[in-house]
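As structure tokens, the structure follows; a few thoughts come after it.
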Amino acid sequence: MMHAGLHLTHALRTIYRHRLRSLLTILGILIGVAAVVTVIGVGAGSQHQVLQRVESLGANLLFIEPGMLENGGVRLEHHTPTLTDRDIEAIRQLVPGIQAAAPSIYADGRVLYQARNWISLIQGTTGDYFQLRGWAIARGRVFTEREATLARKVAILGHTVARELFATSDNSVDPLTAAIGKTIRIGKTPFKVIGVLKRKGQAPGGADQDDKVLVPLATARLRVIGLSQTHPGAIHYAHLRVKDPSRIPQTMLDIQQVLRHQHRIPDGQPNDFFVNDLTAIQESMTEATRTLTFWLTSVAAISLVVGGISIMNVMLVAVRERTEEIGLRRAVGATNRDIRNQFLIEATCLTTIGGLSGLILGCGLVAIIAHLRDFPVVITPGAVLLAIGSAAAVGILSGLYPALLAARLDPIRALKQE
């Protein structure tokens, strides 16, 4: 019986002797493994990026915004805010498990500093907003409760706004630090910059979360947006944090009951507001990314099947070419098991070489794509094991039939065959 090391040595010599044919055979497996690794890596990286963007919205959050009004049985889009401060205060008092709430109003506005100007989102909110959104301050501070109550003209800039207003052409000054203490104008009203937010990046919808200016809610009503005159106490939306994530569905029902009572909506009439669960958005986006990755991986795996067919074809040709060699080996004592193992090891060597090469190529492609698309490289051990395991399985399965065919050759007929 031949030793496994001799089988391996002979297999490698055979592969080297037929270098061109082996290379073409290996290419099928190489491309298949590289495709699988690339798809899984890009999918995992994209999923990680999606999770980061959704998590940047905050944890355990509910989002309340105005809905539709009905007129004569027809639902009409409207621009009149249907939510007020009183609604949010009622939710705080009547709905259990609400940790914090932050009502907000917003409008686009022009922000000016010296000769520079920038169109940005002006948002009026409360101090709880920063905690709810998990938004840290990079420089400076948040506005105090006293500043919010007295409607002080103070502002906190998003990273994008600070860069556009205070960055220098030679990057000699940190725009975040330079912004603190400066006086900007929002429209015609001067505001003192007291803080700059840490960068958040894009939201799941693609909007730049850092392109905004935050001011106290009362200040925004009086100085910027003017809702205090047209719709006293009105808000555009509110974020609420739920203490227990498992109670989010029940909390949403409780909020709807409170708001329907506040708005005096009769039974059978639709809500004039929406209550959205940001956790559900995160789960749905994660599941969608996972499903897309699965199907793309399945498509990429087809190339592995093609590579396996190529290996089987090459091994069948090898059996025919080496019929006399098989007969000689049988004549000097080689068993059916030795012949079978010899061809199986050759097929496995081909797929192993192709698999390792494809793994290296796939990792390189993932790194390049991640660099171009600006998301983290994610090559999990599971992806590596799947790629190498699939390649090994293809090698064994595609080489099994030729190996069994070679092992069953009659030695006398093999020696006589020309």
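The values are calculated or read from the model by the stated rules, or taken from the named source; none is laboratory data. Bear in mind the structure is a predicted one, so any value in this text is a computation, not a measurement. We place every Cβ from the backbone using ideal geometry, glycine too, and count neighbours over all the protein chains shown.
Regarding the stretch 208-231, can at least one residue be identified that is in a loop (DSSP other than H, G, I, E, B), buried (at least 21 other Cβ atoms within 10 Å of the Cβ) and more than 28 Å from the chain's Cα centre (by Cα)?
Looking through the stretch 208-231, at least one residue is in a loop (DSSP other than H, G, I, E, B), buried (at least 21 other Cβ atoms within 10 Å of the Cβ) and more than 28 Å from the chain's Cα centre (by Cα).
Mind listing whichever residues of the stretch 127-141 are touching a residue at least 40 places away in the same chain (Cβ under 8 Å) and touching an Asp or Glu at 6+ places or on another chain (Cβ under 9 Å)?
Once the filter is applied, which keeps residues that are touching a residue at least 40 places away in the same chain (Cβ under 8 Å) and touching an Asp or Glu at 6+ places or on another chain (Cβ under 9 Å), the stretch 127-141 yields Gly134, Arg139.
Which ones in the stretch 273-285 are buried (at least 17 other Cβ atoms within 10 Å of the Cβ) and at pLDDT 85 or above?
Phe273, Val275, listed by residue number.
The conditions are (1) surrounded by 21 or more Cβ atoms within 10 Å (Cβ to Cβ); (2) touching a helix residue (DSSP H, G or I) at 6+ places or on another chain (Cβ under 8 Å); (3) closer than 27 Å to Gly233 by Cβ; (4) of a type outside the set (A, V, I, L, M, F, W, C), and Lys200 fails exactly one of them. Which is it?
(3)
Please state which one of Leu150, Leu165 is surrounded by 15 or more Cβ atoms within 10 Å (Cβ to Cβ) and assigned by TED's automatic domain parsing to the domain that holds Leu112.
It is Leu165.
Residues that are of a type outside the set (D, E, K, R), buried (at least 17 other Cβ atoms within 10 Å of the Cβ) and under 30 Å from Thr168 (Cβ atoms): does the stretch 244-257 have at least one?
No, that holds for no residue.
Looking at Arg247, is it of a type outside the set (Val, Ile, Thr), modelled with pLDDT of 90 or more and either part of a helix (DSSP H, G or I) or touching a Gly at 6+ places or on another chain (Cβ under 6 Å) (or both)?
Taking the combined requirement at face value, the residue does not satisfy it.
Could you tell me which numbered condition Arg185 fails, if it satisfies all but one of (1) part of a loop (DSSP other than H, G, I, E, B); (2) surrounded by fewer than 18 Cβ atoms within 10 Å (Cβ to Cβ)?
(1)
Conditions tested, residue by residue: (1) modelled with pLDDT of 85 or more; (2) buried (at least 20 other Cβ atoms within 10 Å of the Cβ); (3) within 30 Å of His371 (Cα to Cα).
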site: Gln52; (1), (2), (3): no, no, yes
site: Leu69; (1), (2), (3): no, no, no
site: Gly72; (1), (2), (3): no, no, no
site: Arg75; (1), (2), (3): no, no, no
site: His79; (1), (2), (3): no, no, no
site: Thr82; (1), (2), (3): no, yes, no
site: Asp128; (1), (2), (3): yes, no, no
